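Undergrad: Handing you a structure now.
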Amino acid sequence: SMLVQLNRLHEQGKHREIVDLIVALPREARTFDVENLHGRALNNLDRYEDARAALEPLQEQGVRDAFWNWRMGYALYYLDREPEAVVYLQCAADLSDGREEILELLENARRYAAAKMEAEEYYEMRWQNRKLPEPDAEPFAGFDFADFWDDSEYALKSYVSEPPTDALIKEIEA
């Protein structure tokens with residue numbers, strides 16, 4: 001059968017062949033199981049957006065399927081959409097009795113989602129609380145220049161040059 005052939009190709013790592021076979025099928029032959037394997041092959045080819053797009057129309061049937069949730073969560077995770085991935089990966093973990101690779105990716109997705117949300121909240125807060133200088137404000141008002149410059153040998157050698165000569169000044173002004 002088609003599913004046996006697709007799974008055999010998967011075991012052989014022939015993911016591009018799987019995609020080519022499925023895309024060549026007539027629409028009516030592309031069942032839930034076939035499309036689910038299509039999503040798996042696309043994920044294995046690092047084509048995460050294509051995998052998400054192939055799996056998304058299967059959501060009504062896939063919502064109770066551990067493999068569909070795993071593949072959708074996997075695609076979203078690698079699209080840097082961790083908060084969304086957590087939802088699917090949690091469903092996959094619940095439906096699969098906690099397969100190890102699902103739990104591992106779920107934990108990573110939770111960690112990255114939390115960090116991303118914290119960073120977004122931080123930058124949103126910074127943006128809302130930003131203080132722009134007044135248009136007529138004195139430049140560098142409130143900046144302490146006491147320790148700004150270090151007269152070390154390196155600084156003097158690297159950043160300080162001889163004063164310009166009168167000839168150089170005339171040349172520049174001309």
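Undergrad: When region 78-115 is examined, which residues are found to be modelled with pLDDT of 90 or more, under 17 Å from the mean Cα position of the chain (by Cα) and open to solvent by less than 70 Å² (accessible area, probe 1.4 Å)?
TA: Correct list: LEU79, GLU82, ALA85, VAL86, TYR88, LEU89, LEU105, LEU106, ASN108, ALA109.
Undergrad: For GLU162, indicate whether it is outside any helix (DSSP H, G or I), over 30 Å from ASP46 (Cα atoms) and modelled with pLDDT of 70 or more.
TA: yes
Undergrad: Okay, moving on. Suppose we keep only residues that are over 16 Å from PRO57 (Cβ atoms) and either among the aliphatic types (A, V, I, L, M) or not in a helix (DSSP H, G or I) (or both) within region 15-30. Which one would you say is most open to solvent (accessible area, probe 1.4 Å)?
TA: In this case the residue turns out to be ALA24.
Undergrad: Let me ask another. GLN12 is checked against (1) within 22 Å of ALA66 (Cβ to Cβ); (2) open to solvent by 70 Å² or more (accessible area, probe 1.4 Å); (3) among the polar types (S, T, N, Q) and fails just one. What number does that condition carry?
TA: (1)
Undergrad: Among the listed residues ARG52, ARG16, ARG81, ARG40, identify the single one that is in contact (Cβ under 8 Å) with a residue 24 or more places away in the chain, closer than 30 Å to GLU118 by Cα and of a type in the set (D, E, K, R).
TA: ARG52
Undergrad: Shifting gears a bit: Scan region 31-73 residue by residue and report those that are open to solvent by less than 50 Å² (accessible area, probe 1.4 Å) and under 14 Å from LEU3 (Cα atoms).
TA: PHE32, VAL34, GLU35, ASN36, LEU37, HIS38, GLY39, ARG40, ALA41
The values are calculated or read from the model by the stated rules, or taken from the named source; none is laboratory data. In this text, all values refer to a predicted model and were calculated from it rather than measured experimentally. Quick reminder, even Gly has a Cβ in these numbers, built from the backbone with ideal geometry, and neighbours come from all protein chains shown. With ligands, DNA and RNA removed, areas are computed over all heavy atoms of the protein, side chains included. Shrake-Rupley method; radii C 1.70, N 1.55, O 1.52, S 1.80 Å.
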